[in-house]
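See below for the structure under consideration.
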Amino acid sequence: DPASGAALGMVADCGVREARAAVRAAYEAFCRWREVSAKERSSLLRKWYNLMIQNKDDLARIITAESGKPLKEAHGEILYSAFFLEWFSEEARRVYGDIIHTPAKDRRALVLKQPIGVAAVITPWNFPSAMITRKVGAALAAGCTVVVKPAEDTPFSALALAEILLHHAANSVKRVSMELGGLAPFIVFDSANVDQAVAGAMASKFRNTGQTCVCSNQFLVQRGIHDAFVKAFAEAMKKNLRVGNGFEEGTTQGPLINEKAVEKVEKQVNDAVSKGATVVTGGKRHQLGKNFFEPTLLCNVTQDMLCTHEETFGPLAPVIKFDTEEEAIAIANAADVGLAGYFYSQDPAQIWRVAEQLEVGMVGVNEGLISSVECPFGGVKQSGLGREGSKYGIDEYLELKYVCYGGL
C-alpha cells in the first residue's frame, strides 16, 4: 500500500521458464479458441463485463489498496475497464473481410481477417485494470489468446480480473501493440477562455495524481494570457486538490506509486528552481509520508529544465511562456514522443492549424479529458505502435489473408 507502506500479500515471482510454459498453454488454448464462433466469443466477453459490474466495489478497493489511487477514481476506472469488455463483445461480431472485383472473369479475390495467435500483454501500474481489459478484450474478441504480465507494483487487480472470469465463466507468433509514454503539451493561446483552460488543465494534469501517460507534462501559455492563467490555475489547485489516503472521502490526490516516483518529481522541481523557475504553489514532499508530494505549479520555466523534456509522472505543472503560435508548435513538437496534446483557443482557423501540426496521436481541443472506449488510443514517434480501443483496436490482433479463387 503506497499510503501506509503495509504489505498486501504475496504473488509468484515468475521467470523465463514460467513464461514459456504460459505461452505454450496459451497456444494450446488458441488452437481451440480460434474455432469458437464470434457469437460465443461475444457472449463470453459480455459475461465478463457483467461480472466486473457485479464486483465493481471490491475491484475498486483493490486498485486503491495497491496503487493509492483515490477510491472515487478507482470506481471510475473499473467502469471504464468494464466498458472495454462491453465494446469488444460487440466488435467480436463485426470482424468482416472483403470481396475484391478482379479483371479476370474466372477469378474471385477474397480478403479474410484471422486471429494472429498468442498475444503478450504487458501492462503498467497506473491503470491496473483498464490497461488489461483494453488489450485483452480486443484480443479475445479477435480469436486470440493472451498471456498477461501485470506491473509488479499492482499485480492483484490483474489476478482479481482473471479470478472472477475463471470462477464464473470458465465453463463455457507475436504481434506488438505498445502504448508508451509521452510529454503531452498543454497550450493556452491568448484567445482562450481562462476558466475553461484552467478546468482542462486541472483534469489533464492531476488525474491519478499526475500518473497517467496522457497527463499534461508542460504548459505552454501565450504571453498575453500568461499571468491570468497562472493565477487562476494556482487558485484552482489550492481550492480543489486535497492530498490524502485514497480510501479517505474527499481525497483527490493520493500517494505516488513508490518513493522512487517521489524522488523523480523532487529532482525535477529542484533542477527547475536551480535554473531560475519560481514555485507558485507546492514544491516539496508532503507531510503525510514518504510517498506523497505536494501538487506543484512552477512558472518562469525554460526548455533547458528536466521537467520540459523528461516525463514527470507526478503532480508537477511547469509553465513556459511563449509569444507566437509557431514558437509553441516548435516547442511541443521538439520531443521524440507524441502520445497526446492539448490546446485551448477560440480562433477557428488556429484550431485547425494547430490540430493538424501537433505531432501526437491524440489531440484535445478545448478539452482536457480525451480517453474514450469508442475512440482510438495511441501515439506517434516513440510513443508506441498501433491503436487500442475503438473499432481499430481489434485490428492489432488480426491478420489479413488474400485468397485468389480461379478456374470459375
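The values are calculated or read from the model by the stated rules, or taken from the named source; none is laboratory data. Nothing here was measured: the structure is a model prediction, and the numbers come from that model. Cβ placement follows ideal geometry from the backbone for every residue including glycine, while neighbour counts extend to all protein chains displayed.
Data table
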read-out	value
Residue check, G244 out of contact with any helix residue (DSSP H, G or I) (no Cβ under 6 Å at 6 or more places or on another chain), surrounded by 15 or more Cβ atoms within 10 Å (Cβ to Cβ) and closer than 27 Å to L71 by Cα	yes
Of all residues in region 376-397 being at pLDDT 85 or above, assigned to a strand (DSSP E or B) and not charged (D, E, K, R), the one that is farthest from F88 (Cα to Cα)	V380
Only one of V214, V198, V194 that is surrounded by 23 or more Cβ atoms within 10 Å (Cβ to Cβ) and farther than 21 Å from N333 by Cα	V198
Selection count, region 65-97, where residues are modelled with pLDDT of 85 or more and more than 30 Å from A3 (Cα to Cα)	12
Matching strands (runs of 3 or more DSSP E) fully within region 247-324 where at least 3 residues are of a type in the set (A, V, I, L, M) and crowded, with 23+ Cβ neighbours inside 10 Å	316-322
Residues of region 342-363 that turn out to be in contact with a helix residue (DSSP H, G or I) (Cβ under 9 Å, 6 or more places away or on another chain) and of a type in the set (A, V, I, L, M), as a count	4
Residue within region 57-80 that is closer than 29 Å to E248 by Cα, surrounded by fewer than 19 Cβ atoms within 10 Å (Cβ to Cβ) and not assigned by TED's automatic domain parsing to the domain that holds V148 present	no
Region 288-336, residues that are under 20 Å from V198 (Cα atoms) and among the small types (G, A, S)	G314, A317, A328, A332
Criterion (over 24 Å from V188 (Cβ atoms) and either among the small types (G, A, S) or within 11 Å of the chain's Cα centre (by Cα) (or both)) met by exactly one of G341, G361, G389, G379	G389
Selection status of S129, crowded, with 19+ Cβ neighbours inside 10 Å and under 30 Å from R242 (Cβ atoms)	yes
